[in-house]
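Read the figures in this text as sums done on the coordinates, not as results from a lab. Keep in mind it's a predicted model, so treat the numbers as computed, not measured. Positions of Cβ are backbone-derived with ideal geometry, glycine not excepted, and every protein chain shown enters the neighbour counts.
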Amino acid sequence: MVDVRGLLLLHELRVRGTLALAADALHISHSAASHRLAVLEREVGTPIAERVGRRLQLTSAGQALAECAERVKTDLDSTDAVIETVRDTVSGRVKIGLFQTAALRVFPRLLDDLRETYPGVRLESSQMLAAAALSTLQTGGLDVAIVPSYLYDPAVPPAGFHVDELYAERLHLMLPAAHPLAGRDAPIEITELRSEQWIAGETIDHLVSKLCRTAGFEPDIVHRTSDYVLMTMLVSSGHGISILPVSTNLAEHLPPVVLKPLALAKAHYRVLAVMRETSRRRPAVAAVIAAMRMRA
């Protein structure tokens, strides 16, 4: 019988591509990973990896065994979910990746709620863009990815993953206080922004460029940042305009800007929680998702 630890290493090697990254994912040294791989080859009785240049490449036997290893990992994840379920209290570590405005909306109240209601749950978070969060989720680095899905550019979660909608949020045009349109009560048309300079973030790349092109022009993007605090500071100082995908009650925590509605039927986006089926069955993950939905 082969050692399960060797199978888990093989799974990580297949997913991550290098032995160094596989070792990091399992929190072991590179030398320990090399030894574990050698032990697995002796147990199997045939080479499962070969060096091609400076990288290890799985042999056909290694590929077949890696597919078995993936099923083993899924079974182990299911076992963890069962263990959590039979405990008297909800506990366990939950790793989430989320984008900045989602973090602004739910943190730190979410952490306060978990500390009070589920003190046994350890929530670990990383701020990242949607593509990185979904990629990290696929490689097992996250339990849950919190990603935006714009109606003009919907998110495409990996096949076979469970998706929950947490909430929907409106998009606001963000203007400096001295802007000529800042005093307008009526929603603003995209065509009125043809001559504006833009400060781009993930929202601009995924939404505004498409809206402007549909209206017949390219947005003049002069600054790029995924940090909405910096974006808001630049708008507040009169260095451009942007889109702020955040509720107006959170805008008070940012530098002073004027938020205006857009004359768009789809001027909002959905926030999704994407997770593996095995993660969804974990009580600790369910507790985090429920708390996020309540605070949203």
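From the P(r) of the chain, could you give the percentage of C-alpha pairs in the tail past 27 Å?
Details: 22948 of 43660 pairs.
Value for the chain (Cα pairs over 27 Å): 53 percent.
Per residue of the range 281-296, what does 6.51 cos²θ - 1.76 cosθ + 1.60 with θ = phi - 60° give for ³J(HN,Hα)? Whole Hz please, x for Gly and Pro, Karplus curve as stated.
Rounded to whole hertz, the list is 7, 7, x, 5, 5, 4, 5, 5, 5, 5, 5, 5, 5, 5, 7, 6.
Given a 10 angstrom Cα cut-off, can you work out which residue in R281, R184, R270 is the most mobile in a GNM of the chain?
R184
List every residue whose amide H lies under 5 Å from the amide H of Q57, counting only residues 5 or more places away in sequence or on a different chain, with H placed 1.01 Å from N in the peptide plane.
Long-range HN contacts for Q57: E50, R51, V52.
Determine the distance separating the Cα centre of the range 68-94 from the Cα centre of the range 135-160; give it in Å without decimals.
Centre-to-centre (Cα) distance: 21 Å.
Rg and Dmax of the range 1-53, using alpha carbons, in Å: what are they?
Cα radius of gyration and Dmax of the range 1-53 are 10.2, 32 Å respectively.
Just how large is the dipole of the chain about the Cα centre, in debye to the nearest 20, putting +1 at every Lys and Arg Cβ and -1 at every Asp and Glu Cβ?
Values: 32 positive and 33 negative charges, 50 e Å.
For this selection, approximately 240 debye.
Using modelled amide H (1.01 Å from N, peptide plane; none on Pro or chain starts), what sits under 5 Å from the amide H of A263, excluding residues fewer than 5 places away?
For A263, the qualifying residues are I188, E189, I190.
If each residue of separation counts as 0.36 nm, what is the full-extension length gain between A38 and V4 once their alpha-carbon separation is subtracted?
Working: separation 34, 0.36 × 34 = 12.24 nm, distance 1.37 nm.
Full extension of this stretch gives 10.9 nm more.
Mind checking which aspartates and glutamates have their Cα closer than 18 Å to the Cα of K73? Skip sequence neighbours fewer than 8 apart in that chain.
Qualifying aspartates and glutamates at Cα under 18 Å: D3, E12, D24, E84, D143, E277.
Rg/Rh for the range 25-118 to two decimals, with Rh computed the Kirkwood way over all alpha-carbon pairs. Intermediate values should be presented prior to the final figure.
Values: Rg = 20.0 Å, Rh = 17.5 Å.
When Rh is taken as the Kirkwood radius, the ratio is 1.15.
Nearest-5 percent of antiparallel DSSP beta bridges in the chain?
Numbers: 27 of 44 bridges.
Close to 60 percent.
If amide H atoms are built 1.01 Å from N in the plane of the peptide, which residues on other chains or at least 5 residues away come under 5 Å of the amide H of D220?
The answer is W198.
Let me have the relative contact order for the chain, percent, based on Cα pairs under 8 Å that are six or more residues apart.
Reported relative contact order: 23 percent.
For every helix of n ≥ 4 consecutive DSSP H residues, a contribution of -39,500 (n - 2.57) applies; sum these over the chain, divide by its total residues, and give [θ] at 222 nm rounded to the nearest 500 deg cm²/dmol. All intermediate terms of the calculation are to be shown ahead of the outcome.
Details: 12 runs with 124 residues, N = 296.
The helix-only estimate for the chain comes to -12500 deg cm²/dmol at 222 nm.
How high is the relative contact order of the range 4-84, in percent, with contacts defined as C-alpha pairs under 8 Å that are six or more residues apart? List each step's numbers first, then the result.
Working: 74 pairs, mean separation 26.6, N = 81.
With pairs under 8 Å counted, the relative contact order is 33 percent.
Could you work out how much longer the chain between R71 and L181 gets when fully extended? Use 0.36 nm per residue separation minus the Cα distance between them, nm to one decimal. Mind dumping the intermediate values first?
Details: separation 110, 0.36 × 110 = 39.60 nm, distance 5.73 nm.
Length gained between R71 and L181: 33.9 nm.
Cut-off under 12 Å on the C-alpha distance; same-chain residues fewer than 8 positions from K210 excluded. Which aspartates and glutamates are left, in chain and number order?
Straight-line reach from K210, under 12 Å: D153, E218.
For a footprinting-style exposure proxy, rank R71, R194 by other Cβ within 10 Å, fewest first.
So the residues, fewest neighbours to most, are R71, R194.
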